[in-house]
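Down below is the structure, laid out as structure tokens.
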Amino acid sequence: MVQGVNLAGSFTLPGSSRSVNRMGYGAMQLAGRDGSKVVWGPPRDVEGAIDVLREAVASGVNHIDTADFYGPHVTNQIIRKALFPYPGGLVIGTKVGARRGEDGSWIPGLSREELTGAVHDNLRNLDLDVLDVVNLRSMFSVHQPAEGSIEAPLTVLAELQQKGLIRHIGLSNVTPAQIAEARRIAPIVCVQNHYNLAHRADDALIAGLARDGIAYVPFFPLGGFSPLQSGTLSEAASRLHATPMQVALAWLLRRSPNILVIPGTSSINHLRENLQAAALQVPAEVLADLDAVSRQDAAIPISQHE
Ligand SMILES: NC(=O)c1ccc[n+]([C@@H]2O[C@H](COP(=O)([O-])OP(=O)(O)OC[C@H]3O[C@@H](n4cnc5c(N)ncnc54)[C@H](OP(=O)(O)O)[C@@H]3O)[C@@H](O)[C@H]2O)c1
């Protein structure tokens, strides 16, 4: 267990008294794989997955990201098995708006029936009466934000919130226009988009959300299915006596105070390494070199499956 680790300070969700440590954990990697179907079925080592979750929480992680379409259902069921009854202060964020095809594909699931069913699936599989954070996952394009109105699905989530099934609403894979549209319908506490050292389309968006006190939760913080590789990152890591993944996380935590990181791993050793990144000091000149990575060709193909 990583003891006494500073988890990068805390962030209070807007309009709420819920605070989370900025270093969190993303649970998607806990599901299995079946040939070309990723995030599918149970993992090879269920006990190992349970150990990762328990160690994360014992080390102070109090923000876990999940979805019932991971597995499907598998990741939430493992979270419940590992952590129920949940410790006070743990915030589990989930996502609705997608479902899985039998071929492992990611399909829009944004009708009233699908969204309501997904909220109830999450409640049942996590064994909760109310979900802390539910992100509406936009699906106009599976791999990147694309314009289109999210009024209808967000209205359904706002109704479920009014019924007491959801505490906070967030958005995922969205454009600034969709965020503005959503905020006219319901308070939005967080935005979860693809962002990392090499993929920085949301730089201006992050600054705008920071001004409004809204959390930005980058998915694929380490590059996702194709972990980040860059000469600059490796050089920075060797200067700082750290690993490239630790430097990539430390850079994110320094980028903006509203960034909450949720690195995903199925490995206890990687979990420990990632948590230690919260305490890594990165001198200004190294940050400047890292800031330049996205402008170089060092940025690496990043496969996107969700
Ligand atoms: N909203 C969305 O559309 C969306 C999309 C994707 C993901 N997410 C969420 O974001 C979370 C994070 O994304 P992600 O898990 O896909 O990608 P990620 O955190 O960028 O990277 C995970 C990958 O990096 C490896 N890894 C982790 N720590 C490492 C370390 N210290 N050294 C070397 N390799 C390491 C993992 O393998 P090992 O298991 O071997 O460590 C895994 O292959 C997910 O868990 C999920 O909750 C959301």
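Values quoted throughout were computed directly from the atomic coordinates according to the rules given, and no laboratory measurement underlies them. On a predicted model such as this, the values are computed, not experimentally measured, just so you know. Please note: Cβ atoms are built from the backbone with ideal geometry, for glycine as well, and neighbour counts cover all protein chains shown.
Check whether at least one residue in segment 195-216 is free of Cβ contacts under 8 Å to residues at least 40 places away in the same chain and polar (S, T, N, Q), and report yes or no.
no
Looking for something over 26 Å from residue 256 (Cβ atoms) and either within 12 Å of the ligand (Cβ to nearest atom) or β-branched (Val, Ile, Thr) (or both) - is there at least one such residue anywhere in segment 89-101? Please lay out each step first, then the result.
Keep residues of segment 89-101 that are over 26 Å from residue 256 (Cβ atoms), which gives 96, 98-101.
Narrowing the set further to residues that are either within 12 Å of the ligand (Cβ to nearest atom) or β-branched (Val, Ile, Thr) (or both) leaves 96, 98.
Taking every residue of segment 89-101 in turn, at least one turns out to be over 26 Å from residue 256 (Cβ atoms) and either within 12 Å of the ligand (Cβ to nearest atom) or β-branched (Val, Ile, Thr) (or both).
Residue 71 fails exactly one of the following numbered conditions: (1) within 17 Å of residue 160 (Cα to Cα); (2) under 19 Å from the mean Cα position of the chain (by Cα); (3) small (Gly, Ala, Ser). What is the number of that condition?
(1)
Which residue is nearest to the chain's Cα centre (by Cα), if the candidates are limited to segment 93-106 and must be small (Gly, Ala, Ser) and buried (at least 16 other Cβ atoms within 10 Å of the Cβ)? Explain how you work it out, then say what you get.
First pass over segment 93-106, keeping only residues small (Gly, Ala, Ser): 93, 97-98, 101, 104-105.
Going one step further and asking which of them are buried (at least 16 other Cβ atoms within 10 Å of the Cβ), we end up with 93, 97-98, 104.
Numbers: 93: 8, 97: 15, 98: 15, 104: 20 Å.
Selected residue: 93.
Among the residues of segment 42-77, write down those that are touching a Pro at 6+ places or on another chain (Cβ under 9 Å) and not polar (S, T, N, Q).
49, 57, 71, 74
Check off (1) out of contact with any strand residue (DSSP E or B) (no Cβ under 8 Å at 6 or more places or on another chain); (2) on the phi < 0 side of the Ramachandran plot; (3) more than 10 Å from the ligand (Cβ to nearest atom) for residue 209 and give me the number that stays unchecked.
Here residue 209 clears every test but (1).
Which of the following residues is touching a residue at least 60 places away in the same chain (Cβ under 8 Å) and among the polar types (S, T, N, Q): 178, 192, 162? It would help to see each step written out before you state the result.
Details: 178 fails: touching a residue at least 60 places away in the same chain (Cβ under 8 Å); 162 fails: touching a residue at least 60 places away in the same chain (Cβ under 8 Å).
Only one candidate passes the filter, namely 192.
Taking into account only those residues within segment 15-35 that are more than 15 Å from the ligand (Cβ to nearest atom), polar (S, T, N, Q) and not in a loop (DSSP other than H, G, I, E, B), which is nearest to residue 60 (Cα to Cα)? Even if it seems obvious, please write down each step before you answer.
Just the residues of segment 15-35 that are more than 15 Å from the ligand (Cβ to nearest atom), to begin with: 15-19, 21, 34-35.
If we keep only those that are polar (S, T, N, Q) as well, we get 16-17, 19, 21.
Narrowing further to those that are not in a loop (DSSP other than H, G, I, E, B): 19, 21.
Values: 19: 13, 21: 8 Å.
Step by step, filter segment 15-35, then rank; the result is 21.
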